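Encoded as structure tokens, the structure appears first; notes follow it.
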Amino acid sequence: MAQKKPHLNIVIVGHVDHGKSTLAGRLFYETGAIREEELKKLREMAQEYKIEGGEFAYILDREVEERKRGMTIDIAHRPFETSKYYFTIIDAPGHRDFVKNMITGASQADAAILVVSAKPGEGVQEQTREHAYLLRVLGINQIIVVISKMDTVNYDQKRYEELKQQVINLLKPLGFPVDKIPIIPTAAQVGENITKRSDKMPWYKGPCLTEALDQLQVPPRPVDKPLRIPIQDVFSISGVGTVPVGRVESGVLRPNTVVVIEPAGLKGEVKSIEMHHQRLEEALPGDNIGFNIKGVSKDQIRRGDVVGYPDNPPTVAKEIIAQVVILYHPTAIAQGYTPVIHIHTATVAGKFVELIAKIDPRTGQVIEDHPQLLKTGDVAKVRIQFLKPTVAEKYSEFPGLGRFAIRDMGMTVGAGIVLDVIKAK
């Protein structure tokens, strides 16, 4: 059934404790992606750990560590369906130290659900801003806003209107089409406005969450472009062999074809492909797949490698020319600054070897040539040198391999897109 519907990847973002996992869990339950008995087990576990109403969140937070601490650490992928689409949800952690996982998630997503809590004292927070900014720079234009925990304010319309205005004030200056973005009041713990309109909020006339999900558009799937699959993980499965896992960004992968894995230049033959434990005869852009490859061992492949065909292999970059936005830096950034770059699934140290120009974000015009320093809020064109060969592509050609985040000191310093690639020898 699932294969017949168009497939979308969706990321759930927002401040920690604003109810992202609970929302996702409720969505799975209401759409039939998990069964009553599975929920019952989780409910018992939630009681054992004394986390009230934790059962929905537990559907995604499968690691015991997460369940005990009541928070999301790694990114969980889980499928569910609406009447129109087949979704893989990427639950992105809200905690600061987990932002790098949030970036890996967001860079794979077609759309985002931004969660803002209605609970008194919560609302739009610093991290809500950071996540909205990241979605923008990473090219995710389709957003659904969920005002969560409406049950904590007795479904008060005034509180909803106040938060709706906060959200519009946040998203509008970033260039998001706020008149097209649904802002939905929900109470996921009790299931209000998730799969059907809530009678507790008769004043709200917009879509419920699943209706809003069905209004999303499938982004263009670049099937006619060269194959690119950034690897997220690799397994060695007994009786099968080496199985890399990743999302097809562009092109089509078929069994019994020879592929090349960059930056190492390894060649292997793809024997079989699976998605959510079903065999595929071809994997298309947007599919999260595992594939068995012969001729390459598990230790030769790592997260961040990219699979392509030998006649048009992934581009191995020595340097990139990029447009970056500095989201936050306590002082300033000068030439020689060497943070960590997260590009598709790769993580690599990158040195700012040249600050080419400072740019006006609204017009794209150059404000200053070769600035000495970059500070919080600046947008600039820079040249970054990777400290080891890494696959990178122009954002204009392969968006998923051409956007990146800049991390340092355990936080997100900035984000950017690749304008040009200087190839490694």
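Numbers at a glance
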| item | result |
| --- | --- |
| Sites Ile321 and Arg129, calculated FRET efficiency, Cβ-Cβ separation with R0 30 Å, nearest 0.05 | 0.60 |
| Extent along principal axes [Cα atoms of the stretch 316-423; Å; largest to smallest] | 31, 29, 19 |
| Under 14 Å from the Ser83 label point (7 Å along Cα→beta-carbon), backbone N, the stretch 178-197 | 195-197 |
| Size of electric dipole in the stretch 229-308: Cβ of Lys, Arg +1 and of Asp, Glu -1, about Cα centre, debye, nearest 20 | 180 |
| Partners for Lys425 among lysines (Cα-Cα distance below 16 Å; same-chain residues under 8 apart left out) | Lys318, Lys388 |
| Gln335 versus Ser236: modelled label distance in nm, points set 7 Å from Cα along the beta carbon direction | 4.7 |
| Spacing of the two label points (7 Å from each Cα toward its C-beta) at Asp360 and Asp311, in nm | 4.7 |
| Inter-probe distance in nm under a simple model that places probes 7 Å from Cα toward Cβ, at Ser272 and Lys119 | 4.6 |
| Dipole magnitude of the stretch 313-422, debye to nearest 20 (Cβ charges: Lys/Arg +1, Asp/Glu -1, about Cα centre) | 200 |
| Estimated FRET transfer efficiency (Asp199, Leu174; beta-carbon r; R0 51 Å; 0.05) | 0.90 |
| Of Pro263, Ile231, Leu174, farthest towards positive along the dipole that unit charges on Lys, Arg, Asp, Glu beta carbons give the stretch 134-265 | Leu174 |
| Volume in Å³ per residue [convex hull over Cα atoms, computed for the stretch 135-174] | 68 |
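We did not get these values from a lab; they are worked out from the coordinates using the rules stated. Here the structure is a predicted model, which means the values were calculated and not measured. Reconstructed Cβ throughout: ideal geometry from the backbone, glycine too, with neighbour counts over all protein chains shown.
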